[in-house]
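For reference, the structure is listed below as structure tokens.
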Amino acid sequence: MPNDRLSRWGGGGYGLKMSVGVLAGRRVLELADESGSYCGKLLADLGAEVVKIEAPGGDPGRFAEPRWQGARSGAADSFGFLYRNAGKRSLVLDLKVAEERERFVELCRDADLVVESFAPGTLDALGLDLDTLLEANPKLVVTSITGFGQCGPHRDFKSCDLIANAMGGVAYVTGAADDPPVTLRGAHAHVMASTCAAASSILAMLHAGASGRGQRVDISIQEVVCAVAHVTGIGKWREDGIVPRRMGSGLFASIPSGSYRCRDGSIYLMVNRPAHWRALAGWIHETTGESAILDPIFEGPSANRLEHRVLIDHFVGELTSRHTVAEMYHEGQRRHLAFTPVNSVTDVVVDPHLRDRGFFVDVDQDDTDVQYPMEPYRFATTPFRVSEPVVPLGMHQTSLWGVERPESPPPSTAEPDAPALDGIRVVEFTAGMAGPWIGRFMAYHGADVIKVESNERPDVTRQYIAPEMRQAGAQTQLSPWLTDWNAGKRCVALDLTKHEGVELALRLVAQADVVIENYATGVMDKLGLSDEKLRQANPDAILFSTTGFGDSGPCKDYVTWGPNIEAVSGLSRLTGFPGRDCTMTQYAYPDSLSALHGLVAVLACLDRRRRTGEGETVNLSQLEASIAVVGELVMETLATGRAPAKLGNGSLQAAPHGCYRCLGEDRWCAIAVFDDTEWRSLCEVMGRPDLAADSSLVTLSGRQAAAETLTIEIEKWTAALDPYEVMQRLQAAGVAAGVVQTAADKFEHDEHLRERGFFETIAHEVKGDVIADGIPTGLTVNPGETMFAGRAIGADNRNVLIGVVGLSEEEYTRYVALGAVEEEDWL
């Protein structure tokens, strides 16, 4: 690694030995409710000192449903609050009082980061605007997490998790085709926005450390949801003209896929590669004697089976109905097929694999052990566990910071508006989405990301068959998901089955700051690219790997795709309406959420390396990431032994709370009423004084009990109106409402996304310009940019292997002749 990059990114070290967490020494002030507190949780679990600042009386979320019956003190008893706030320090400040505001400004002088989720303009009105805070501390990062961001036509709209999921496009593509759109059980929009906010905050702190300049990070929850759902987003819709929608447990891009009945439960299957289809067809024929399944018309990619989905589902059902879930799971995996159980949360908390990995940990809360799920990443030299409870309100009024702050390295000479990751080099050995999406974010912020591929074993995005060019076969540069996951990266083609190809890969790793890989467990070892070999090549690198089940435990070698994880993690059984056994998203949700958590881990390791000069090895389990995002529901099950009830679109905190049919085919508007004032406003807008006067509906519990009746009454009004009119009229009255938007809606009708410039136009090497869902990191001083898309396999062989690795022309020619470097005709 060149010396000029060492000075900025810490290769030389500053003598600081961090023993507790990769973010040890970072100080964070949190002014966030449930929409942003998961951000502080992630940072605290990584070792940052996070001070939760609450108003007198405390955060109402301390005692929100569902509640822990084992609580013995007044600290908190809400599972959600316990999960999101363990390990944070507590301070009470009344920011309406001048002296208290002055103390907050003083605290900012010695902090790195403020995380806040007030409505836009709230801190400005209190005299705590960005300029004031930066005057106190020019390197301070202020991360604001709001429903729609700090600017734009909808910035003052009321939001909640349901509204964000509706406006972000995920509700429309979740659930069964004949059900209303449904939101995932839990607080997924808030959790994803908080995870993105944690990554963005570290990015901004890295930049502040290099340049001496702080900034605001503007996180729009809607934009994060749009990005998370990009598989069903703008790229796919503009490519094939088909608006993705709900379709039960099956997936539009994978055939076969879905939940299938076994003798004692349900199993989930996803087939996404020709080899997997051949293995499945052989097993079906072997078991049932059905020879039609071997017909060559079914061979090849999923697109070849599109017209035969119903028939193929029948064949698969004939196989699964003869076996138990356990038999299908383990025998299917022995055959390298992505079969996984459709688990309930009660199954998850006793899962042998998770128990073997020690995923559930005890924390002493009020002299009683309460079990928590861990975070999904494991660090080789800086391990951590949730070990501190939620403390009583105001416990740290007089002794705020708990540890002495280590000296930070001085800022380098980086330009204030330079990309946040300028000078960082990333080498990827990745496929699919969970690994590549991390590199996509890093390339967007200036890192030189180099993807190692092979013509002989192309990634799934390289096997894309364009709808208008089906007869032409796979188009390796045209997939919209190639843009979504790999735009901005340089591409190198190496044959890693050859010793010389591995030799080149290790020489490339020697020039990297970060290595990302998401091959199946053991593949890198078999190739000669084990962690030990990578570490020998580059002792200071960040080595990050991610797999479905993690790198240890009895199921570590099992094959999975994102939807498999959705099923085995319990998400698909938690979500949906009563009577639905398996409710799936269409956007491979666990891949996105795992990538965002992985991005947090990688950036945190870079932050540590800048201060210590030390590398790190990290492994992330996608199963554990998918459980972590519903941690409070898992805690409830661990404490009670019962799985939380399916709520459909219902809520424990609001009623009415759901998606209501509007004028037009499959048109809906989400509405959420959180208090009695909002209820009266809804009744007034609907012209229903009779409902407002009904004594049985004046309380939350009364409205929850009457949920089905209220749906009928509300739809008497909404069914005659365009969903955008419903949204505008209710928002004007102070009621949270949002259109359940499709991919087309977001691009064609959402003026807010358009004005904020969410969609990005990218120069494509074959198509000209393409439009993609944006990267929602929200940096305001140095926002990112995607430089190109549609790179061919091996397009950068020469400039990387000669310009980065340092091969001579003669060496390069020799490696090509040996087949270690794969070249195509375009060269």
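The values are calculated or read from the model by the stated rules, or taken from the named source; none is laboratory data. As the structure is a prediction and not an experimental result, all values here were calculated from the model. So basically every Cβ, Gly included, is an ideal-geometry build from the backbone, and we count neighbours across all protein chains shown. We work out accessible area using only protein heavy atoms, side chains counted, and drop any ligands, DNA or RNA first. Shrake-Rupley method; radii C 1.70, N 1.55, O 1.52, S 1.80 Å.
For region 628-650, does any single residue satisfy the condition of being more than 27 Å from residue 568 (Cα to Cα) and either touching a residue at least 60 places away in the same chain (Cβ under 8 Å) or open to solvent by 50 Å² or more (accessible area, probe 1.4 Å) (or both)?
No, that holds for no residue.
Which condition number in (1) within 24 Å of the chain's Cα centre (by Cα); (2) surrounded by fewer than 16 Cβ atoms within 10 Å (Cβ to Cβ); (3) basic (Lys, Arg) is the one that residue 746 fails?
(2)
Quick check on region 428-465: of everything there that is open to solvent by less than 30 Å² (accessible area, probe 1.4 Å) and of a type in the set (D, E, K, R), which residue is modelled with the lowest pLDDT?
So the residue we want is 459.
What helices (runs of 4 or more DSSP H) completely inside region 313-397 contain at least 1 residues that are free of Cβ contacts under 8 Å to residues at least 40 places away in the same chain?
Counting at least 1 such residues, we get 325-334, 352-356.
Scan region 587-608 residue by residue and report those that are open to solvent by 10 Å² or more (accessible area, probe 1.4 Å) and part of a loop (DSSP other than H, G, I, E, B).
The one that is open to solvent by 10 Å² or more (accessible area, probe 1.4 Å) and part of a loop (DSSP other than H, G, I, E, B): 588.
Please go through region 450-494 and pick out each residue that is more than 24 Å from the chain's Cα centre (by Cα) and on the phi > 0 side of the Ramachandran plot.
473
I need the full set of residues from region 312-336 which are open to solvent by 30 Å² or more (accessible area, probe 1.4 Å) and closer than 16 Å to residue 278 by Cβ, in order please.
Result: 334, 335, 336.
Residues checked against (1) at pLDDT 95 or above; (2) at positive phi; (3) of a type in the set (Lys, Arg):
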site: 312; (1), (2), (3): yes, no, no
site: 326; (1), (2), (3): yes, no, no
site: 338; (1), (2), (3): yes, no, no
site: 342; (1), (2), (3): yes, no, no
site: 348; (1), (2), (3): yes, no, no
site: 355; (1), (2), (3): yes, no, yes
site: 365; (1), (2), (3): no, no, no
site: 388; (1), (2), (3): no, no, no
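Any residue at all in region 60-67 that's closer than 16 Å to residue 390 by Cβ, of a type in the set (Phe, Trp, Tyr) and open to solvent by less than 10 Å² (accessible area, probe 1.4 Å)?
Checking region 60-67: not a single residue is closer than 16 Å to residue 390 by Cβ, of a type in the set (Phe, Trp, Tyr) and open to solvent by less than 10 Å² (accessible area, probe 1.4 Å).
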